[in-house]
Amino acid sequence: MKDHLKLRTGIVALVVLVFACAIHPLTQKDFLSTFLNKVPENNRPAAEKLVNDTRKMLAEKPGLYPASTLLAEANRNNVDLASLTGETALTDNSAVIALVRKEAESSIRLGLDLAGGVEYVLDLRPDFERLSGSGVSRVEAEKKLKENFQTYRDLAMEALRKRLESQNIFESEIIPFSATGLSLKAPIVSTDEKDKLQKLIQASSKLEFRLVHHDSATLIAQGEYPPPGYELLTEQSAQQRSRHGEKAISCIVAKQVQMNGDTIKKAFVSRSQYGTISISLEFNAAGAKLFGETTGRNIGRQLAIVLDGKMYCAPVIQSRIDAGRAEITGSFSSEDAKLIADALTSGSFPFRIDVAAVYDTAPTLGADNVANGVHSGLWALALLGIFMIAYYRIPGVIAVIALSVNVILILGAMAAFGATLTMPGIAGIILTLGMALDANVLVFERMREELEQGKSADTAIRMGFERAFSAMIDGNLTTLLAAVILMYFGTGAVKGFAVTLAIGILSSLFTALFMSRVLFDWMTRLWKTPNLSMAKLLNRPHNNFLRQSRIAVPVSIVIIALSVALFCVRGENMLSVDFTGGTLLGYDYN
């Protein structure tokens, strides 16, 4: 192992350097100083007066945030921040504040609870223009909205959540709001990001059935431009197909719409007895008739299914279909089929999403709460470090060094992969750092056993890592599995916690199994007879734990049975508003 020590040291140094660079700048810039830097010299006196007033307000009320306080002072004194900073393209003071917040950000995006973001109040309204094409009157549309509103709102919430996640915005908050609306909050602050997100929200989810050109394949192979009235579309699942080693499909598709998705009643994934995955469609009466006419006229041609201008697939029409049902077959994975079925279902959503209002939101946690949360975590880690050094001495120092590097790796990975840091995420980081120390404890206790048997320091170190390896892997992989499940099924703060937990577990494995070993190897090389003595609270730490199972197992069974019984008795009373819904109260204050 010593022959490769320099190589392993180089790997550790390279990894630490890469992730250390990723977190620059680690902390946010001073907001008020960043604002002053944007002000031209001729406007400096007015800007400095505004900043001084803001600083006085912050001194009187330390719990306030600089951004919201500066905005309040500017509005109170009728100061036009766009003119003051020279950003005349911006429409109002809030837009200037958002720009400054973006420039003052650290390398790690902070969540709604730590940095605030933007809130969209959305309203779901019948799209009478689309409904009129399928013969549905305004009265019928309003009746349909009233009868099925909860279903449509659930579909809209899920569709919006998927759209945000496609933009790597995982920590959004989407909740019902008012009788026919939604509230969507996302941790973004810049004007460009907000404009992009608003366009994403207002995407029409418009489903169309359009014919493919007779000579589509030939024209594409010859590199010809699409004829008038046609356009070139590539299958939306191209990325999934490329991962499976398949070629993405492109078609020259007519711009003329044969029928839209308003007549689809239901779309779902089905599987044949041979395991082939397909997508089944159910039409209403008007849709069944129209689909029969469309397929009867175009047997042998491809019919492209287009959602919001993007083609999902283009099956060949084999025969006239009059049964009010259709099946889309193709080379689908389960993921692709579910995606298309969801798109078809949301495409049949006969309502549009209107943005009723847009607000910049302050952090959901107060500045004092955020500071207290961070400080408590830092104090906990400091006390852990002191204990490790006091109890394990020199090995404890190595553990603390590895712990410090662990923090760099976690924050660097979050910055590099665009993860959002939330308060639950900070809790996940602290948890994984505790697990990293736990891994070191396993190694050190194994070393102690080898030293007590009279083995040399070099041998004790080697045996300590080898014999603690399986326990460390087992404990961390089971927790990693739980984090992956939370990432897949969770949303919002739960997903944020899971992401930081998973990153922390991987980094702690690297520091505990690889980096710590490198540091120990350097210690034995530079210090031929290192002192690995450690403190010991129990001179004879022998306890027959299996014998205690006679008591522990029955007690555990009783506690579990009582917990299950309590849950059955209380039922929904044990569930919070996340599961049961409730009442939303809004307050204005002066």
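Here are some notes:
- Any chance A22 is farther than 26 Å from N369 by Cβ, over 30 Å from the mean Cα position of the chain (by Cα) and surrounded by 16 or more Cβ atoms within 10 Å (Cβ to Cβ): no
- Applying the criterion of being out of contact with any helix residue (DSSP H, G or I) (no Cβ under 8 Å at 6 or more places or on another chain) and part of a loop (DSSP other than H, G, I, E, B) to the residues of segment 356-407, the residue that is farthest from I97 (Cα to Cα) is R393.
- Hey, R76 open to solvent by 70 Å² or more (accessible area, probe 1.4 Å), farther than 23 Å from G117 by Cβ and in contact with a Pro (Cβ under 9 Å, 6 or more places away or on another chain) or not: no
- Pair list, Cβ < 9 Å and 6+ apart or interchain, from segment 104-124 residues that are over 28 Å from L36 (Cβ atoms) and open to solvent by less than 10 Å² (accessible area, probe 1.4 Å) to residues that are among the hydroxyl-bearing types (S, T, Y) and not in a strand (DSSP E or B): L124/Y152; L124/T180
- Of the residues making up segment 165-193, those that are modelled with pLDDT of 75 or more and either closer than 22 Å to V306 by Cβ or within 22 Å of the chain's Cα centre (by Cα) (or both) number 12.
- For beta carbons closer than 6 Å, sequence separation of 6+ or different chains, a first residue in segment 82-98 that is in contact (Cβ under 8 Å) with a residue 60 or more places away in the chain and a second that is part of a helix (DSSP H, G or I) and open to solvent by less than 10 Å² (accessible area, probe 1.4 Å), the qualifying pairs are L90/A82; L90/V96.
- Segment 465-501, residues that are assigned to a helix (DSSP H, G or I), open to solvent by less than 20 Å² (accessible area, probe 1.4 Å) and farther than 12 Å from M435 by Cα: F465, A468, A483, K495, G496, A498, T500
- Taking segment 276-326 as the region of interest, the strands (runs of 3 or more DSSP E) fully inside it that hold 2 or more residues being farther than 24 Å from I252 by Cβ are 277-283.
- Taken together, the residues in segment 408-434 that are more than 23 Å from I11 (Cα to Cα) and in a helix (DSSP H, G or I) amount to 10.
- The conditions of being without any contact (Cβ under 8 Å) to a residue 12 or more places away in the chain and touching a helix residue (DSSP H, G or I) at 6+ places or on another chain (Cβ under 7 Å) are met by M574.
- Among the residues of segment 23-57, the ones that are assigned to a helix (DSSP H, G or I) and modelled with pLDDT of 85 or more come to 23 in all.
- Of everything listed in (1) without any contact (Cβ under 8 Å) to a residue 60 or more places away in the chain; (2) open to solvent by less than 40 Å² (accessible area, probe 1.4 Å); (3) of a type in the set (G, A, S), the single unmet condition for A419 is (1).
- Check on S507, under 18 Å from H4 (Cβ atoms) and either in contact with a strand residue (DSSP E or B) (Cβ under 8 Å, 6 or more places away or on another chain) or touching a residue at least 40 places away in the same chain (Cβ under 8 Å) (or both): no
Yes/no matrix, rows are residues, columns are (1) touching a strand residue (DSSP E or B) at 6+ places or on another chain (Cβ under 8 Å); (2) over 26 Å from E282 (Cα atoms); (3) part of a strand (DSSP E or B); (4) modelled with pLDDT of 85 or more:
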site: K196; (1), (2), (3), (4): no, yes, no, no
site: S204; (1), (2), (3), (4): yes, no, no, no
site: L233; (1), (2), (3), (4): yes, no, yes, yes
site: E246; (1), (2), (3), (4): no, yes, no, no
site: I252; (1), (2), (3), (4): yes, yes, yes, yes
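- Scanning segment 259-275 for residues that are part of a strand (DSSP E or B) and either in contact (Cβ under 8 Å) with a residue 40 or more places away in the chain or surrounded by 14 or more Cβ atoms within 10 Å (Cβ to Cβ) (or both) yields M259, N260, I264, K265, K266, A267, F268, V269, S270.
- Within segment 4-11, one or more residues are more than 30 Å from the chain's Cα centre (by Cα), hydrophobic (A, V, I, L, M, F, W, C), over 24 Å from V118 (Cβ atoms) and open to solvent by 40 Å² or more (accessible area, probe 1.4 Å).
- I394 vs. criteria surrounded by fewer than 22 Cβ atoms within 10 Å (Cβ to Cβ) and at pLDDT 80 or above: yes
- So T459, is it surrounded by fewer than 16 Cβ atoms within 10 Å (Cβ to Cβ) and under 16 Å from S508 (Cβ atoms): no
The values are calculated or read from the model by the stated rules, or taken from the named source; none is laboratory data. Note that the structure is a prediction, hence the values are computed from the model and not measured. Backbone-built Cβ (ideal geometry, glycine too); neighbour counts: all protein chains shown. Please note that ligands, DNA and RNA were not included when accessible areas were found on the heavy atoms of the full protein model with its side chains. Shrake-Rupley method; radii C 1.70, N 1.55, O 1.52, S 1.80 Å.
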